[in-house]
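Working notes, structure below.
The numbers here are math on the coordinates, done by the rules we state, and not lab data. On a predicted model such as this, the values are computed, not experimentally measured, just so you know. Using ideal geometry, Cβ is built from the backbone for each residue, glycine included, and neighbour counts are taken over all protein chains shown.
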Amino acid sequence: MAGTGDRGWWRQLFPLHCTLCRERGAPLCSLCALRLRPPPAPGPGDVDHLDGVAALFAYSGAGRTAITRLKFDNHRDALDTWAHLMVGAIDVRADVVTWVPTSAGRRRQRGVDQAELLARSVGRSCRAPVKRTLRRTSSGDQIGRDRLARRTLRFEP
């Protein structure tokens, strides 16, 4: 089969589809990219303990759909696109890339930790090492919790 790159044959068999509209050809089509809303600015106290924070889009509307399709439908076509955009959204060189791990139960249920997949793609994009630095010490879903309750989930190095 004809194709370019190491994965050309793979893409012939399994072409990319837009995460949002499912059109064949790109992991995010130009029309759907316009549907992603800008993220809200961090509120007071949200990032006091961090050097900075960046988000690609608001977690509502099309942005929420994109994330839930990755998490719950295992739709990975846009992973490298999100990673490339994330690297472009920050203006610092990363010493290491890490992620907030999902619960062991969710990992078993989904077969993978999507946050880890995204972190590994970001690491490849910015040529930084990827390391697991956190371990979840409490369980529980974030779904249905308010903002304060989501922040009480516990992690340790």
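Computed over neighbours whose Cβ is under 14 Å from that of GLY61, the net charge equals +4, Lys and Arg +1, Asp and Glu -1. Projected label points at ALA33 and ARG93, each 7 Å from Cα along the beta carbon direction, are separated by 2.8 nanometres. Under the simplified labelling scheme, the ARG24-ARG108 pair shows an inter-label distance of 3.9 nm, with each label point 7 Å from Cα along Cα→Cβ. If R0 is 25 Å, the Cβ-Cβ spacing of ARG76 and ARG145 corresponds to a FRET efficiency of close to 0.45.
At full extension, ARG127 and VAL47 could sit 26.3 nm farther apart than now, given 0.36 nm per residue minus the alpha carbon distance. Each of ALA54 and VAL100 was given a label point 7 Å from its Cα along the Cα-to-Cβ line. The distance between the two points is 1.9 nm. Can you give the local net charge around ARG22? Use residues other than it whose beta-carbon is closer than 15 angstrom to its beta-carbon, Lys and Arg +1, Asp and Glu -1. The answer is +1.
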